């Protein structure tokens, strides 16, 4: 299992390990906070299975001794890790938006006594894994029927030498087009938390949810008139969207892609409500701007503002 430069495992190993874990689990109904969560698993169950996990992969190909014959080669990989390592790996799965806290979908931490479910992105990865490896997934039919599967997951190509996403203007442009959707995506006007999770997911799948923001421009004397900025979004929401609907496996990668959106002039900062004492993660990338022949520039994406 390869170790990534800034992650626990390389991208493909992460997906294979995640799918192997889910296939090995008995996804049943668990209760927490007086609620029942079907097709879920607990922290203890994930840690126990990750402590000793076997994955068999079969490949069909020509027999080296007789090319006219097709043979099946089976490779079995065994994973073994401590409970703390298993929790760290499960946190990595959460960062990649493959699983989420069943009781609190806004939580980003893999907790000691939590109940978790597979996300639509995780179901997409699981489905591809089952088909690719010819696994009998009859026991998972109910899981796939319980919520939508991400049908338009954008896969970003990675460099084989270090597993980093390959960056180019065509790649960032294609990513941005998927990000904004075919038309501006203003979500239905309902109170937070009142929309059905499936409906909310399908609405978000159309493109990054947008809002309009009113700001007063700074001026020396008097009060400036309000200016309305259309097609805005909170920075953190953008990172969450990129993790949900692309092969990005963490907010660090999502912030890097967003910084490239700034670099190519696709987005710009319109509101910064942070106080001087507030902290924020600012991701900076280096590269040429959108105009041919321009010099190398440094552009940043602050992860706590409205863009």
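Only the coordinates and a few stated rules stand behind these numbers; no lab work does. Note that the structure is predicted; figures quoted are calculated from it, not measured. Here the Cβ positions follow ideal geometry from the backbone for every residue, glycine too, while neighbour counts run over all protein chains shown.
For region 1-151, the fraction of alpha-carbon pairs lying more than 21 Å apart is 46 percent, rounded to a whole number.
With a Förster radius of 30 Å applied to the C-beta separation of residue 145 and residue 203, the computed FRET efficiency comes to 0.90. Remark: 71, 118 ranked as 71, 118, counting other beta-carbon atoms within 10 Å and listing the fewest first. Remark: relative contact order (region 208-271) = 24 percent; criterion is Cα-Cα distance under 8 angstrom and separation of 6 or more residues. Using R0 = 45 Å, the C-beta based FRET efficiency linking residue 273 and residue 70 works out to 0.10. Put in line by how crowded their Cβ is, counting other Cβ atoms within 10 Å and starting with the fewest, 113, 263 read 113, 263. Remark: spin-label model distance residue 230-residue 161 equals 4.5 nm, labels positioned 7 Å along the Cα→Cβ axis.
Among 273, 111, a tally of other beta-carbon atoms within 10 Å of each Cβ gives an order, fewest to most, of 273, 111.
At full extension, residue 153 and residue 84 could sit 21.8 nm farther apart than now, given 0.36 nm per residue minus the alpha carbon distance. Were the residues from residue 168 through residue 211 laid out at 0.36 nm apart, the gain over their Cα-Cα distance would be 12.6 nm.
Residue separation of residue 52 and residue 26 scaled by 0.36 nm, minus their Cα-Cα distance, works out to 7.8 nm of gained length.
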